[in-house]
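Below is one structure, written out as structure tokens; the observations come after it.
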Amino acid sequence: MDKVEFLEKLQDVLERDEEITEDMILEDMDEWDSLAAMALMAFFNKTLSITLLPAEVRKMKTVSDIINKAGI
Amino acid sequence: MDEKSYIVITGATSDMGIALSKQLLPVYNLILLDINESTLVNTISMLKNINNTCNIMYMAIDFNDISAVGKTFQDFLKKYNILNISGLVHIAGIAPVLPLKSTEIEDWYKIFNINLLSAVEIIKVLIKKQYKYNMKSVVFLSSIYAHFGGKAQIMYTVSKAAIEAFVMGASVELAPIRVNTIAPGLVKTNSMSVYGDNYAEQFESKHLLGGGSAENIADILYFLLSEKASWITGQTYIVDGGLSVNALNL
Ligand SMILES: NC(=O)c1ccc[n+]([C@@H]2O[C@H](COP(=O)([O-])OP(=O)(O)OC[C@H]3O[C@@H](n4cnc5c(N)ncnc54)[C@H](O)[C@@H]3O)[C@@H](O)[C@H]2O)c1
């Protein structure tokens, strides 16, 4: 999966209408709440086979933190 | 001749399974079921160190392979010629954290297979005529989540509520075999370490008596298996250290 594809998927997971870009701050997105965080963990687990812990999610500040964790 | 009856425990290598086995050792023989063979072997050698007088049998089995569970269990009983089984405790369970929108149908099948249907298949064996006259008590693990919603816990809530409904129905069909379930609040076990952050702490703080231990759970499971509970069937016991009665205090 390349970065563009990943960002599209992320947009899906977070159910966001507008595009998502790397430099976006998670806290600033209306869609970013605890359910979105759990959806993100499920997405990592199922699609990327990466176990993401709640504590790791809490440390993420920007979309690029998510991309880094995904190793993309 | 060995007169002790057997108790079947699923999820036997979990903290609760081990705590219960320790209590049962002096009085019953055990059949331990779980998914991982080497963990089962380790658990049994640990139990044998505590008490070497009881028979402990085991079988490694994946409950998600649901269509094989009944036959595999029955073949196992036949192979070892085990007839005298007086109880079943279904501890095996999974609690995937998935918001509804992230769930796929396979996720739902899996949680139902492991949390409820595997036990249904085992019970169907234990009520065949060669076993049923020895059977006395079945105990399930529900959860306080069967009574309250929690974020991303929808599959778990539904599967545990199904257990409580099954218990009610089965107790009517299977009497005099007793069928009951307990609905615990937070029990501090190995599995909670995946949350490994302040979630568990915050959740624990809502329990008037603090979080529970595997031994707390083993105590009530033991009671419900035993003759002391001989007039109790079809019930769900909430065992939650005061969590649910404290719901209005934010
Ligand atoms: N820990 C709690 O706070 C809590 C609260 C309420 C209810 N419960 C219930 O108590 C039970 C034990 O919970 P725990 O916290 O000790 O969890 P755990 O994960 O430590 O134990 C679950 C057991 O189920 C077994 N299992 C999982 N998948 C299986 C499969 N496919 N086939 C066969 N066995 C399988 C595991 O090997 C394990 O022994 C569960 O039913 C859980 O829902 C736990």
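The values are calculated or read from the model by the stated rules, or taken from the named source; none is laboratory data. Note that the structure is a prediction, hence the values are computed from the model and not measured. When we count neighbours, we look across all protein chains shown, and the Cβ atoms used for this are built from the backbone with ideal geometry, even at glycine. Areas reflect the complete protein model, heavy atoms only, side chains present, ligands, DNA and RNA absent. Shrake-Rupley method; radii C 1.70, N 1.55, O 1.52, S 1.80 Å.
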Check your understanding: What is the one condition in (1) open to solvent by less than 70 Å² (accessible area, probe 1.4 Å); (2) of a type in the set (Gly, Ala, Ser); (3) more than 16 Å from B:Pro99 (Cβ to Cβ) that A:Ser49 does not satisfy?
Key -> (1)
Point to revise | Among residues of region A:10-29, those that are in contact (Cβ under 8 Å) with a residue 12 or more places away in the chain, within 25 Å of B:Thr103 (Cβ to Cβ) and either more than 12 Å from chain B (Cβ to nearest Cβ) or open to solvent by 40 Å² or more (accessible area, probe 1.4 Å) (or both), counted | key: 6
Study note, to complete from the structure: If you go through B:Leu248, B:Leu186, B:Leu141, the only one that is closer than 30 Å to A:Ala37 by Cβ and in contact with a Phe, Trp or Tyr (Cβ under 6 Å, 6 or more places away or on another chain) is B:Leu186
Study note, to complete from the structure: Residues of region B:206-250 being open to solvent by 50 Å² or more (accessible area, probe 1.4 Å) and small (Gly, Ala, Ser), in sequence order, are B:Ser230, B:Ala247
Check your understanding: Are there any helices (runs of 4 or more DSSP H) wholly within region A:6-72 with 3 or more residues that are modelled with pLDDT of 95 or more, and if so which?
Key -> A:63-70
Review point. Which of (1) closer than 17 Å to B:Ile217 by Cα; (2) modelled with pLDDT of 95 or more does B:Lys188 not meet, given it meets every other one?
Key: (2)
Exercise for review: Evaluate region B:136-150: report whether one residue or more is at pLDDT below 95, open to solvent by less than 40 Å² (accessible area, probe 1.4 Å) and within 15 Å of the ligand (Cβ to nearest atom).
Suggested key: yes
